[in-house]
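Q: Sharing a structure below in structure tokens format, with a few things to ask.
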Amino acid sequence: VQLVESGGGLVQAGGSLRLSCAASGRTFSSYGMGWLRQAPGKEREFVAAISRSGGSTDYADSVKGRFTISRDNAKNTVSLQMNSLKPEDTAVYYCAGTRVYDTTHYGYDYWGQGTQVTVSS
């Protein structure tokens, strides 16, 4: 599967952004999907995951209650709605997929190119 993210940008603290990830292929519903992020000088970290059916989600504690992951298997897309953004959310955000796991934090095999999210204070 090929993954292409969109929707990043510059936003003020307290604002919102919605990231989208478009997947190629006809087997999207067989992939567990997730979003991870990497800030400058830091390791890539888990943000959110969603199961193949969309019935199960998981979030990092740092974004719980502010971010929502969702997917549309008919449209081959997965999205991340980010509200109440903080400067510490600034990072490159990556869409990722796995055929092995229903949900996982780091067990992904397929990656998008990333999209920059910058939150100003």
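Q: When the accessible area of the chain is computed with all protein chains present and a 1.4 Å probe, what percentage of it is carbon and sulfur?
A: Of all accessible area on the chain, carbon and sulfur atoms account for 46 percent.
Q: Starting from the Cα of residue 42, move 7 Å in the Cα-to-Cβ direction to define the label point; list residues of region 80-121 whose amide nitrogen is under 15 Å from there.
A: 85-94, 116-121
Q: Still on this structure: Rounded, prolate or oblate: which one fits the chain, using the alpha carbon gyration tensor with axes a ≥ b ≥ c (rounded when a/c is under 1.5, else prolate when a/b beats b/c, else oblate)?
A: Because a/c hits 1.5 or more and a/b exceeds b/c, the chain counts as prolate.
Q: For residue 35, what is the net charge nearby, where nearby means another residue's Cβ is under 14 Å from its Cβ and Lys, Arg count +1, Asp, Glu -1?
A: Values: positive: 18, 37, 44, 64, 66, 71; negative: 5, 45, 58, 89.
Result for the neighbourhood of residue 35: +2.
Q: Please work out the Cα center distance from region 5-44 to region 72-90, rounded to the nearest Å.
A: 6 Å
Q: In nm, to one decimal, how far is the residue 10 label point from the residue 88 one, both placed 7 Å along Cα→Cβ?
A: If labels sit at residue 10 and residue 88, their model points lie 2.4 nm apart.
Q: Using only alpha carbon pairs under 8 Å that are at least six residues apart, calculate the relative contact order of the chain and give it in whole percent.
A: 37 percent
Q: Here's a follow-up. What is the distance, in nm, between label points placed 7 Å from the Cα along the Cα-to-Cβ direction at residue 74 and at residue 61?
A: Computed distance between label sites residue 74 and residue 61 equals 3.9 nm.
Q: Related question: Quick check for you: with a 1.4 Å probe and neighbouring chains kept, what is the accessible area per residue of the chain, in Å²?
A: 50 Å²
The values are calculated or read from the model by the stated rules, or taken from the named source; none is laboratory data. Remember, it's a predicted structure, so these values are computed and weren't measured experimentally. Neighbour counts are summed over all protein chains in view; Cβ atoms, including those assigned to glycine, are modelled from backbone coordinates with ideal geometry. Calculation scope for accessible area: heavy atoms of the full protein, side chains included, ligands and nucleic acids excluded. Shrake-Rupley method; radii C 1.70, N 1.55, O 1.52, S 1.80 Å.
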